[in-house]
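The values are calculated or read from the model by the stated rules, or taken from the named source; none is laboratory data. Only a predicted model underlies this, so the values are computations on that prediction, with no experimental measurement involved. Positions of Cβ are generated from backbone atoms using ideal geometry, with glycine treated the same way; all protein chains shown enter the neighbour counts. Just the protein is used for accessible areas: all its heavy atoms, side chains included, with ligands, DNA and RNA removed. Shrake-Rupley method; radii C 1.70, N 1.55, O 1.52, S 1.80 Å.
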Amino acid sequence: MGHETVICEIRNGIATVTLNRPDKLNAINEQMLGELDTVFSRLEPDLDAKVIVVKGAGRCFSVGDDLSEDQRSMNSLRRTSGPSSTMHLMQSERGASRRWEYIFNIAKPTIAQVHGYCLGTGLHLAMVCDLVVAGEDAVLGDPSVHFGALPAIPLLPWLVGMKRAVELSLTGKSITGEEAEDMGLINKAVPADQLEK
């Protein structure tokens, strides 16, 4: 499947979906989200793909939203405040919720292979996968609060409990892969050199 920001390969029944903006630390922009939608919708009925592994190219899984794009979007919304901009924002959020719900419910096992940073929307993507395996030194979290926004990862309380979810959300604290395994956020933390295996 040919895309600019996402690479998809199928070998021996394993579909590997790679976030492919390594020069931007796999910051997630609108183009990448659209390409992820396309890739997952094509993989679900593909009988050659038995399992889907999601990973990042380069130094990390994903640093989250592409803030340069978000800033442009927010500035545009501020200039056009009113009912139409509110409706646009609501439609955008509804679309995002449906995307994560689709991946969460896709009829194939999904595994997030996390290395380096896994932040914000990148963490959300990992959390909607069935299994998450991370390097022990991976850095997971949602720094949204540092930018004046509330994190939007509804699965967090289910995975780590309400108190830890509130702490992580309100402090913007990041944790290592080992800490994430200890609190039940991920399934397994392994030495970085064994992650691919």
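Annotation: amide H-H contacts under 5 Å for Y117 (H modelled 1.01 Å from N, sequence separation of 5 or more, or interchain): F61, S62, V139.
Of the residues R98, R42, ranked by 1.4 Å probe accessible area with the largest first, the sequence reads R98, R42. The string of couplings for the range 63-68 from the Karplus curve (6.51, -1.76, 1.60, θ = phi - 60°) is 8, x, 4, 6, 5, 5 Hz, one whole number per residue in order, with x for Gly and Pro. Measuring r between the beta carbons of R42 and V145 and using R0 = 41 Å, the FRET efficiency lands at 0.70. Once the C-beta distance of M87 and Q31 is scaled by a Förster radius of 22 Å, the resulting FRET efficiency is 0.45 to the nearest 0.05. Restricting attention to the chain, close to 25% of DSSP beta bridges with both partner residues there are antiparallel. Taking a sphere under 13 Å around the Cβ of G135 and counting the other residues whose Cβ falls inside, with K and R at +1 and D and E at -1, yields a net charge of -3. Please report, as a whole percent, how much of the solvent-accessible surface of the range 126-197 comes from carbon and sulfur atoms (probe radius 1.4 Å). Roughly 56 percent, rounded to a whole number.
The lysines whose alpha-carbon is closer than 21 Å to the alpha-carbon of K55, local same-chain residues fewer than 8 away aside, are K24, K108, K188, K197. Ranking I153, Q113, L195 by Cα position along the charge dipole of the range 83-197, where only Lys, Arg, Asp and Glu carry charges on their C-beta atoms, puts I153 farthest toward the positive end. Put L159, L185 in order of accessible area, highest first, and with a 1.4 Å probe you get L159, L185. Diagonalising the gyration tensor over the Cα atoms of the chain and scaling each eigenvalue by 5 before taking the square root yields semi-axes of 26, 22, 15 Å, largest first. Between the listed residues A27, T86, L43, the Cα displaced farthest toward the positive end of the dipole of the chain, a dipole computed from Cβ unit charges relative to the Cα centre, is found at T86.
Charged side chains reduced to their Cβ positions (Lys and Arg at +1, Asp and Glu at -1) give the chain a dipole of some 400 debye around its Cα centre. List the residues of the range 156-176 whose backbone N lies under 15 Å from a point placed 7 Å from the Cα of R59 along the Cα-to-Cβ direction. Hits in the range 156-176 for R59 at 15 Å: none.
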